[in-house]
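Nothing in this text is a laboratory measurement; each read-out follows from the coordinates by a stated rule. Fair warning: this is a prediction, and the values are worked out from it, not measured in the lab. For neighbour counting, all protein chains shown are included, and Cβ atoms are generated from backbone atoms with ideal geometry for every residue, glycine included.
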Amino acid sequence: MAERRKLRVGMVGGGGPNNFFGAPHRRAILMDNEAELTAGALRSNPQGALEAAKELFFTRGYPDYQTMFREEAALPADQRIDYVTIVTPNDSHYPVAKAALEAGFAVLCEKPLTLTLDQSLDLVRLVRQTRLPFTVAYSYTGLPMVMLARELVHAGEVGQVRKVEAWYPQGWLAGRTEDEGVQQAQWRVDPSRAGASGCGGDIGTHAYEFVRFVTGLSARQVQARLHTFVPGRRLDDDFAVLARLDNGALATITASQVTIGAQNDNGFRVVGDRGTVEWSMLDHMSLRLYKPGAPVAVYRLGAEYGYFPASIKPYLRLPSGHPEGFHEALANLHKTLQLQIRQRLGEPVPEPFPHPDVIDGAAGMAFIEAAVRSSQQGGAWVDVPAVE
């Protein structure tokens, strides 16, 4: 067995002054003292990338990701990075992830996985070929109560799933935010950088991943309406889908970036023939289970609560009553990838939780492309390609 050590992480993107996701990922990586920020190609400008690495105290800074992967792969095994975190805009996810896999590095990539389904399927092929761990950062699946919902549904607590409702409203793009110099808005409304769907690709995929993650079911057909409310915008800012799942159940998957007053209040409701489980980000420390003729069962977050299964306990950090939120959820996705890597190193570690992987990322792209086609056809039913 290899000597236990901190894992070494390389990051691509995340070093710009207006980058949102770089800082949360850096905090998440360091949270459990199991990994360290080692190498970075943190900006698209080579000189800026080197400066950002120095500013953020990375051990090794690189001018671009190609140089980083080449030089890291040439280092001895006891010095090179163990995995790569990709926190760039959507259009660069595919080339960076592809290069990382080809260089022999495991990957944690922001969502959506790529710009197109074909690109995602190529990454699926590469992961199968290299057998490297790959996690997609659907961050809310790292929240313990979402993980518990999955365990309850898979254990049959709600019975046969009949219907799923998943939602994700925001309001930050209700006006022409992209004209105000907000970088995060500018690339998200640009089809060349965001992909075929703006709202759907950005947050609709989060809502759809709730369906897949919690129930284990996938959309086989969709009927979609993508709408652009803000004049002059080239991509949708509102996203509504009715889906037929592979067991015959129905799902409604909605997302909006023009819902003024919404505070990322995403959530889901899974309705079965024996009960319903419900969760919302606005009360993320609670999970509700409804059974016919019985009091509402409210599960609360807390490490010492006996009802958490063994699969979730390694992901709990604080005593009951203390909140574990967004950063902890993101850290849990890193933890899953780290546990997979440690297993490969021969270390005795807990079994990693089945957080979203490259298959889930590709399934998200299959869903988005089908929704776009349906909307273009006036809301016609469109088949969703299966990603196996």
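Restricting to region 234-252, give me the number of residues that are in contact with a Leu (Cβ under 8 Å, 6 or more places away or on another chain), crowded, with 16+ Cβ neighbours inside 10 Å and in contact (Cβ under 8 Å) with a residue 24 or more places away in the chain.
The total comes to 10.
From the set of residues in region 179-207 that are over 13 Å from A240 (Cα atoms) and of a type in the set (S, T, N, Q), which is surrounded by the most Cβ atoms within 10 Å (Cβ to Cβ)?
Restricting to residues being over 13 Å from A240 (Cα atoms) and of a type in the set (S, T, N, Q), the top hit is Q186.
State all residues of region 347-381 that are among the charged types (D, E, K, R), farther than 20 Å from V146 by Cα and assigned to a helix (DSSP H, G or I); if no residue qualifies, say none.
Residues satisfying the conditions are E369, R373.
Tell me which of these K111 doesn't satisfy, since it passes every other one: (1) touching a strand residue (DSSP E or B) at 6+ places or on another chain (Cβ under 7 Å); (2) among the basic types (K, R); (3) over 29 Å from N264 (Cα atoms).
If we test K111 against (1) touching a strand residue (DSSP E or B) at 6+ places or on another chain (Cβ under 7 Å); (2) among the basic types (K, R); (3) over 29 Å from N264 (Cα atoms), just (3) comes out false.
Select from region 97-122 the residues that are under 16 Å from the mean Cα position of the chain (by Cα) and part of a helix (DSSP H, G or I) and write down the one among them that is farthest from E388 (Cα to Cα).
Per the criteria, the residue is A97.
Residues in region 307-317: is at least one closer than 25 Å to A97 by Cβ, basic (K, R) and assigned to a helix (DSSP H, G or I)?
Within region 307-317, none of the residues are closer than 25 Å to A97 by Cβ, basic (K, R) and assigned to a helix (DSSP H, G or I).
Name every residue in region 120-160 that is out of contact with any His (no Cβ under 7 Å at 6 or more places or on another chain), under 30 Å from A99 (Cα atoms) and of a type in the set (V, I, T), in order of residue number.
V124, V127, T130, V136
Please work out if G14 is part of a loop (DSSP other than H, G, I, E, B), in contact with a helix residue (DSSP H, G or I) (Cβ under 8 Å, 6 or more places away or on another chain) and of a type outside the set (D, E).
For G14, the condition - part of a loop (DSSP other than H, G, I, E, B), in contact with a helix residue (DSSP H, G or I) (Cβ under 8 Å, 6 or more places away or on another chain) and of a type outside the set (D, E) - is met.
Which residues, counting only those in region 319-346, are in contact with a helix residue (DSSP H, G or I) (Cβ under 8 Å, 6 or more places away or on another chain) and outside any helix (DSSP H, G or I)?
E324
For region 75-92, which residues satisfy the criterion of being within 13 Å of the chain's Cα centre (by Cα) and over 21 Å from K335 (Cβ atoms)?
Hit for region 75-92 is N90, nothing else.
Out of D64, D91, D78, D82, which single residue is free of Cβ contacts under 8 Å to residues at least 12 places away in the same chain and among the charged types (D, E, K, R)?
Among D64, D91, D78, D82, only D78 is free of Cβ contacts under 8 Å to residues at least 12 places away in the same chain and among the charged types (D, E, K, R).
Here's a check for you: in region 54-82, which residue that is part of a loop (DSSP other than H, G, I, E, B) and among the charged types (D, E, K, R) is surrounded by the fewest Cβ atoms within 10 Å (Cβ to Cβ)?
Among those that are part of a loop (DSSP other than H, G, I, E, B) and among the charged types (D, E, K, R), it is D78.
Could you say whether any residue in region 267-285 is part of a strand (DSSP E or B) and free of Cβ contacts under 8 Å to residues at least 24 places away in the same chain?
The answer is yes, given that some residue of region 267-285 is part of a strand (DSSP E or B) and free of Cβ contacts under 8 Å to residues at least 24 places away in the same chain.
Name the single residue, out of those in region 303-332 being within 21 Å of the chain's Cα centre (by Cα) and aromatic (F, W, Y), that is nearest to A35 (Cα to Cα).
Filtering first and then ranking leaves Y315.
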